[in-house]
Amino acid sequence: MLRQRGPGSVTLILDGICVRWRGEIWLDDISLELSSGMTTLIGPMAAGKTTLMRVAAGLQPPAGGRVVVNGEDVTAISVRKRSIAFVYQQFINYPSLTVYENIASPLRLASSFPKDGIDRRVREVAELMRIGELLDRRPAELSGGQQQRTAIARALARPVDVLLLDEPLANLDYKLREQLRADLKSMFRDSPGVVLYSTADPAEALTFAAPTVVLSEGRVEHVGDVAEMYHLPPTLTVAATLSDPPLNLLPGVVRDGRIECLGVSFPAPGAHASGEGRPVVLAVRPHQVSIERRPGALEFPAEIRLAEVTGSATFVHLLVAGQRHLVAELPGTQLFDPGEPAVASVDPADIFVFDEIGGRLLATSAAEVDLHG
């Protein structure tokens with residue numbers, strides 16, 4: 001359960017949510033309790049994020065479980081009668097209406113919203129989303145970023161208990177994503193309602209720094225502080241979900257209080273370095289791999305296969321010990337020839353050790369975890 005309780009706060013409870021489709025399990029016993037403020041939902045594609053949001057919104061009935069908003073079971077209540085707004089990855093606006101009318105449309109449909117307050121609310125939300133000067137335009141006259149701002153403004157216009165945002169920035173260019181990300185973080189920090197923000201981007205989740213739910217294959221993998229999960233991932237799945245570029249994974253085995261990996265041996269981290277013969281997975285992030293020798297670092301003989309230059313960084317693809325691929329993220333522009341010999345250098349302090357079976361964190365320099373586990 002994820003709890004963010006406060007006096008008079010809004011609550012959204014997803015209690016044992018299950019979704020099945022043609023014999024496949026899409027969501028498996030999801031139980032979460034969210035309160036006022038922002039929560040980030042992160043997971044790779046096909047993790048179940050959109051399905052979970054559709055269930056919360058009332059767009060898809062669950063095979064089992066309940067959706068409860070402020071103590072009321074709304075599972076069987078239609079989406080139109082729920083105090084919920086939904087922003088999709090693909091921005092949806094009414095093409096024949098101006099930006100003003102797009103934003104005003106949910107207010108005109110809400111019988112409880114005072115008619116004389118519509119104009120003020122539309123302009124208020126438009127200014128918040130920095131599209132106040134675009135109110136007379138139609139969606140076809142807007143850029144992609146302006147259209148997404150319009151879609152978000154329409155969702156924000158009508159006061160609701162729950163706001164669901166399903167990867168709303170995924171289709172925008174890098175600069176627009178950064179700008180909108182900062183705006184949304186500021187906007188939702190002290191939201192009186194529940195804001196559930198879905199993303200597949202680790203940088204986005206870390207930037208929002210909100211309580212975070214990691215979803216994997218239709219199950220909740222972990223719930224907690226996103227920075228803590230990044231620095232000390234409880235499972236390999238959490239570590240992989242919060243790593244971009246992807247983690248480097250290497251096979252290892254525990255022997256005589258040491259870990260052996262591709263011909264290299266080093267003391268197992270943690271106070272209890274036992275578990276003789278236990279197969280493990282070593283994980284290290286690309287920016288923690290060097291191709292220069294460093295004092296105290298583990299050195300793996302390697303061959304350069306490819307160098308990808310992005311401008312601010314160079315990603316060097318290595319073949320380690322003639323059998324495993326590994327990526328090093330180096331600063332700036334650096335040129336290498338394919339086939340060139342190299343050394344993959346890794347500080348033991350940067351290595352996470354996970355159980356090969358189950359993927360549980362066993363050891364790292366940041367935590368002493370019993371390898372007997």
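The values are calculated or read from the model by the stated rules, or taken from the named source; none is laboratory data. Every value quoted in this text rests on a predicted model; they were computed, and no experiment measured them. Using ideal geometry, Cβ is built from the backbone for each residue, glycine included, and neighbour counts are taken over all protein chains shown.
Take residues that are among the polar types (S, T, N, Q) and farther than 25 Å from residue 160 by Cβ and tell me which of the helices (runs of 4 or more DSSP H) falling wholly in segment 183-275 contain 1 or more. Don't jump to the end; show me each part of the working.
Details: elements: 202-208, 226-231, 236-241.
Ranges flagged: 236-241.
Just to be sure before I move on: is residue 198 at pLDDT 95 or above and within 20 Å of residue 148 (Cα to Cα) in the structure I sent? So that I can check it myself, show each step before the final result.
Working: at pLDDT 95 or above: yes; within 20 Å of residue 148 (Cα to Cα): yes.
Answer is yes for this residue.
Taking the condition more than 24 Å from residue 258 (Cα to Cα), within 25 Å of the chain's Cα centre (by Cα), of a type in the set (S, T, N, Q) and surrounded by 11 or more Cβ atoms within 10 Å (Cβ to Cβ), does residue 314 pass? Spell out how you get there, then give the answer.
On the way: more than 24 Å from residue 258 (Cα to Cα): yes; within 25 Å of the chain's Cα centre (by Cα): yes; of a type in the set (S, T, N, Q): yes; surrounded by 11 or more Cβ atoms within 10 Å (Cβ to Cβ): yes.
Yes, satisfied.
How many of the residues in segment 250-262 are modelled with pLDDT of 90 or more and surrounded by fewer than 18 Cβ atoms within 10 Å (Cβ to Cβ)?
3
Does residue 200 satisfy the condition of being in the same structural domain as residue 24 (by TED's automatic domain parsing) and in contact (Cβ under 8 Å) with a residue 40 or more places away in the chain?
Values: in the same structural domain as residue 24 (by TED's automatic domain parsing): yes; in contact (Cβ under 8 Å) with a residue 40 or more places away in the chain: yes.
Spelling it out, residue 200 is indeed in the same structural domain as residue 24 (by TED's automatic domain parsing) and in contact (Cβ under 8 Å) with a residue 40 or more places away in the chain.
If you check 299, 308, which single one turns out to be free of Cβ contacts under 8 Å to residues at least 12 places away in the same chain and either part of a strand (DSSP E or B) or over 28 Å from residue 202 (Cβ atoms) (or both)? Walk me through how you get there before you give the answer.
Working: 299 fails: free of Cβ contacts under 8 Å to residues at least 12 places away in the same chain.
So the residue among 299, 308 that is free of Cβ contacts under 8 Å to residues at least 12 places away in the same chain and either part of a strand (DSSP E or B) or over 28 Å from residue 202 (Cβ atoms) (or both) is 308.
So residue 160 ticks every box in (1) in a loop (DSSP other than H, G, I, E, B); (2) touching a strand residue (DSSP E or B) at 6+ places or on another chain (Cβ under 8 Å); (3) within 12 Å of residue 37 (Cα to Cα) but one. Which box is left unticked?
With (1) in a loop (DSSP other than H, G, I, E, B); (2) touching a strand residue (DSSP E or B) at 6+ places or on another chain (Cβ under 8 Å); (3) within 12 Å of residue 37 (Cα to Cα) applied to residue 160, the lone miss is (3).
Just to check your reading of the model, which residue among 105, 143 is among the hydroxyl-bearing types (Ser, Thr, Tyr) and under 25 Å from residue 55 (Cα atoms)?
On the way: 143 fails: under 25 Å from residue 55 (Cα atoms).
Every option except 105 fails the conditions.
Pick out the one residue from 149, 154, 137 that is surrounded by fewer than 20 Cβ atoms within 10 Å (Cβ to Cβ) and among the basic types (Lys, Arg).
On the way: 149 fails: surrounded by fewer than 20 Cβ atoms within 10 Å (Cβ to Cβ); 154 fails: surrounded by fewer than 20 Cβ atoms within 10 Å (Cβ to Cβ).
None of the other options fit; the residue is 137.
Need at least 3 residues that are touching a residue at least 60 places away in the same chain (Cβ under 8 Å) per element, so show me which strands (runs of 3 or more DSSP E) inside segment 314-366 make the cut, counting only ones lying wholly within it.
Values: elements: 324-331, 341-346, 352-355, 361-363.
Per the criteria, 324-331, 352-355, 361-363.
Residues 46, 110, 76: which one is on the phi > 0 side of the Ramachandran plot and aliphatic (A, V, I, L, M)?
46
For segment 87-106, check the following and say yes or no: at least one residue is surrounded by fewer than 18 Cβ atoms within 10 Å (Cβ to Cβ), in a helix (DSSP H, G or I) and without any contact (Cβ under 8 Å) to a residue 24 or more places away in the chain.
Yes, that holds for at least one residue.
Would you mention how many residues in segment 111-145 are in a helix (DSSP H, G or I) and in contact (Cβ under 8 Å) with a residue 24 or more places away in the chain? Write out each step before concluding.
Going residue by residue through segment 111-145, those that are in a helix (DSSP H, G or I) are 115-128, 132-134, 139-141, 144-145.
Filter once more, so that each one left must be in contact (Cβ under 8 Å) with a residue 24 or more places away in the chain: 121-122, 125-126, 128, 134, 139-140, 144-145.
Qualifying residue count, segment 111-145: 10.
Go over the candidates 238, 226, 280, 220 one by one and state the one that is modelled with pLDDT under 95 and of a type in the set (A, V, I, L, M, F, W, C).
Values: 238 fails: modelled with pLDDT under 95; 226 fails: modelled with pLDDT under 95; 220 fails: modelled with pLDDT under 95.
Result: 280 is the single residue among 238, 226, 280, 220 that is modelled with pLDDT under 95 and of a type in the set (A, V, I, L, M, F, W, C).
Looking only at segment 7-60, filter to residues that are of a type in the set (Lys, Arg) and not in a strand (DSSP E or B); which one of those is surrounded by the most Cβ atoms within 10 Å (Cβ to Cβ)? Before the answer, list the steps.
Within segment 7-60, the first condition is being of a type in the set (Lys, Arg), and the residues that meet it are 20, 22, 49, 54.
Remaining after also requiring not in a strand (DSSP E or B): 22, 49, 54.
Working: 22: 5, 49: 22, 54: 18.
The extreme case among them is 49.
Might you check whether a residue that is of a type in the set (S, T, N, Q) and over 30 Å from residue 203 (Cα atoms) occurs anywhere in segment 28-42? Outline the logic, then answer.
Of all residues in segment 28-42, those of a type in the set (S, T, N, Q) come to 31, 35-36, 39-40.
Next, only the ones that are over 30 Å from residue 203 (Cα atoms) stay: none.
No: segment 28-42 contains no residue that is of a type in the set (S, T, N, Q) and over 30 Å from residue 203 (Cα atoms).
Can you find, within segment 72-86, the residue that is nearest to residue 173 (Cα to Cα) among those that are charged (D, E, K, R) and either outside the structural domain of residue 18 (by TED's automatic domain parsing) or surrounded by fewer than 16 Cβ atoms within 10 Å (Cβ to Cβ) (or both)? If you could, list the steps in order and put the result at the bottom.
In the first step, residues of segment 72-86 are kept if they are charged (D, E, K, R); the result is 72-73, 80-82.
Within this subset, residues satisfying the condition of being either outside the structural domain of residue 18 (by TED's automatic domain parsing) or surrounded by fewer than 16 Cβ atoms within 10 Å (Cβ to Cβ) (or both) are 72-73, 80-81.
Working: 72: 40, 73: 39, 80: 32, 81: 35 Å.
The qualifying residue nearest to residue 173 (Cα to Cα) is 80.
So, of the residues in segment 187-236 that are among the polar types (S, T, N, Q), in contact with a Ser or Thr (Cβ under 7 Å, 6 or more places away or on another chain) and surrounded by fewer than 23 Cβ atoms within 10 Å (Cβ to Cβ), which turns out to be nearest to residue 27 (Cα to Cα)?
216
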